[in-house]
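These notes concern the structure reproduced below.
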Amino acid sequence: MSTTINTSVAIVGAGPIGLSLAIDLAWRGVDVVLLEKSDGKVDHPRLGLIAVRTMEFFRRWGVTSDVRHCGFPDDFDLSIEFCTSMTGHLLERDNYPSIRDMETPAWTPEKKQRCPQHWLDPILKRRLAEFSEASLELNAFVHGLEESAGGVTVSAVNTETDAPLTVHAKYVVGCDGGTSTVRTLLGASMEGNAHLNYSMGILFESPNLLERCGKATAERFLFIGPEGTWGNLTVIDGRAVWRLTVYGSATKFDMEDFNAEEWIRRALGTNQIDFTVLSVLPWKRTELIASSYGTNRILLAGDAAHTMSPTGGMGMNTGLCDATDLAWKLEAVLKGWGGNRLIASYEEERKPIAIRNAAYSTHNFKTWTSPAPCDFLLEDSDRAIEARRTVGMDLKKATQAEWQSWGLQVGYRYEGSSICVSDGTPPTPDDYSTYIPTARPGSRAPHAWLADGLSTLDLFGRGFALLVFDHRRKKAIDCLVSAAQDREVPLTVTQIDKPEVAELYGSPMVLVRPDGHVAWRGADITDAGRILDIVRGADLHKEETA
């Protein structure tokens, strides 16, 4: 029996990006249907690191506590070790504290978290289920999209029953991964480097592995052999499950000849430790950006729009910021206060960030694999000892920027955005390691503590937020409030009487978008209507229609 669903937004793909977009839309009161071609189970978790900026959005949706208590031990040190194997030669170690002992950076209310995907997805699904505006359709394979002036018809089929499913939506967003069906149906290509290398992920279980290898806890072990860096071992659950990634080349692995057990034994450096292989997943490491992020009604987000090396953990975190940029824009146009240029600003803002983050992820991968071949690396000789020392020191220094990439995670900004009003100030340096808080338009509005655990970031999300640091600006404030009311733009006004926060924000008045990025700042307002029309993406040359 066929089924027909009518909705405002249909999302294809129920991974972390699709789930996050659905949550943000439902949180805004927008009805949404999520279509997932599988049964939704994650057998081979590929992501594990939740970056600071993502945790800030999780804070908005009320899921940080669940993510913090996902099951990963909070006393597990997140160090990085460079070695020839788990029982072999130690080259170098870069010590980092556990989540429990890690200080929260001064510029954010949240710190990073390890939460593998097979734990994260259920957390997000539980939160999504709390919204009456949202529904999730599993085993729904999308095979057709038909766009018209008023919306999109999605053709799908239930893979278990073969029953047809038709969804009529105002907008469709493809969050269906690197092999995106939505992108294929759109005819968009992927541009960039399609062959960094082929890799193999081996998920295995080995209780008490660290103790049996005589190792202290670490988030990741990089393995260096005579040929250079050949793989890495990454913690999954902090107890017994690990993922070994074996680096290949530009040529696919021969699955018939690939012996996962032999690679695990090489990583362990011994045959005396028991383990159980849980799954083996070949994948291709790429640096690709979609030629187009979509049309007026069909859009792409996450890996459907960009793929990057996981070195640095920016794939999911970049995609989640796609979702939070897009969600408020979809809400605005669906509720009538968003202008006809607003949806187009999504690609304009997010594509340069994807290019930036993907390039840096490739740079990280190259630093991981930078050691030159050294035939005698495993010898018990003076020259081998010196070579291991040099390689370890070089790798530790080269990779440190990745483990502390605060500028990359939080310092992204929408330079030249058509929906931000420039104040003419120069940009802060785009340093991937260092984040410099700034309220320059286009940037993430800075965090500052206000009172009783309230962050400035907690003021953002539902509509625009005007932060006022000088109560003498009442006339200008009234003009902006009146202009917002005329245009039905949701706007809250918050007076902040803290000189240190005023100094951080750099202007008497700062207008922040629903995604937490600064839209405008200044000391006075001469044309409040024009400011509102720019930041809501309205056509400045003719009357906006609903």
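The values are calculated or read from the model by the stated rules, or taken from the named source; none is laboratory data. Just so you know, these numbers come straight off a predicted model, no measurement behind them. Note that each Cβ is placed from the backbone with ideal geometry, even for glycine, and that neighbours are counted across all protein chains shown. With ligands, DNA and RNA removed, areas are computed over all heavy atoms of the protein, side chains included. Shrake-Rupley method; radii C 1.70, N 1.55, O 1.52, S 1.80 Å.
Annotations for the structure displayed:
- Sequence of Arg472, Arg220 from largest to smallest accessible area, 1.4 Å probe: Arg472, Arg220
- Per-residue ³J(HN,Hα) for the stretch 423-435, Karplus 6.51 cos²θ - 1.76 cosθ + 1.60, θ = phi - 60°, Hz, x for Gly and Pro: 9, x, 7, x, x, 6, x, 8, 8, 5, 8, 10, 9
- The stretch 34-121: GluC sites (Glu not before Pro) falling in loop per DSSP and having at most 14 other Cβ within 10 Å: Glu103
- Relative contact order, percent, the chain [alpha-carbon distance under 8 Å, six or more residues apart]: 15 percent
- Accessible-area value, Trp328, 1.4 Å probe, nucleic acids and ligands omitted, Å²: 0 Å²
- Cα centroids of the stretch 485-538 and the stretch 289-320: 29 Å apart.
- Reach of Lys498 by Cα under 17 Å, taken over aspartates and glutamates that are not fewer than 8 positions away in the same chain: Asp452, Asp458, Asp470
- The stretch 62-144: trypsin sites (Lys or Arg not before Pro) in DSSP coil with no more than 11 other Cβ atoms inside 10 Å: Arg100
- With all protein chains in place and ligands, DNA and RNA left out, the 1.4 Å accessible area ranks Trp242, Trp449, Trp107 as Trp449, Trp107, Trp242, largest first.
- Classification of the stretch 120-210 by its C-alpha gyration tensor yields an oblate form. The axis ratio a/c (a ≥ b ≥ c) is 1.5 or more, and b/c is at least a/b.
- Using the Cβ-Cβ distance between Glu503 and Gln400 with R0 = 45 Å, the FRET efficiency computed as 1/(1 + (r/R0)^6) comes to roughly 0.90.
- Relative to the Cα centre, the charge distribution of the stretch 67-195, modelled as +1 at Lys and Arg Cβ and -1 at Asp and Glu Cβ, gives a dipole magnitude of about 180 debye.
- Taking label positions 7 Å along the Cα-Cβ direction at both Asn271 and Trp283, the computed distance is 3.2 nm, reported to one decimal.
- If R0 equals 41 Å, the separation of the Cβ atoms of Arg389 and Ser65 corresponds to a calculated FRET efficiency of about 0.40.
- Simple spin-label estimate for Asn259 and Asp486 gives 7.7 nm between the two label positions (7 Å along the Cα-to-Cβ direction from each Cα).
- Note that the stretch 323-454 carries a Kirkwood radius of 18.5 Å, evaluated over its alpha carbons pair by pair.
- Of all DSSP beta bridges in the chain, antiparallel share, percent nearest 5: 70 percent
- Percent of Cα-Cα distances greater than 18 Å, calculated over the stretch 486-539: 35 percent
- Convex hull per residue volume in Å³, alpha carbons only, for the chain: 154 Å³
- Cut-off under 5 Å, modelled amide H: who pairs with Leu136 long-range: Leu34
- When the solvent-accessible area of the chain is split by element, carbon and sulfur atoms take up 49 percent of it, the probe being 1.4 Å.
- Averaging 1/r over each pair of different alpha-carbon atoms in the stretch 324-389 and inverting the result gives 16.2 Å, the Kirkwood hydrodynamic radius.
- Tail beyond 17 Å, pair distance distribution of the stretch 176-263 (Cα, percent): 63 percent
- A straight chain from Thr104 to Asn340 at 0.36 nm per residue would run longer than the Cα-Cα distance by 80.9 nm.
- Whether the stretch 7-122 is rounded, prolate or oblate, judged on the alpha carbon gyration tensor where a/c under 1.5 counts as rounded: oblate
- Cα-based shape type of the stretch 416-501, given that a ≥ b ≥ c are square roots of the gyration tensor eigenvalues and the cut on a/c is 1.5: oblate
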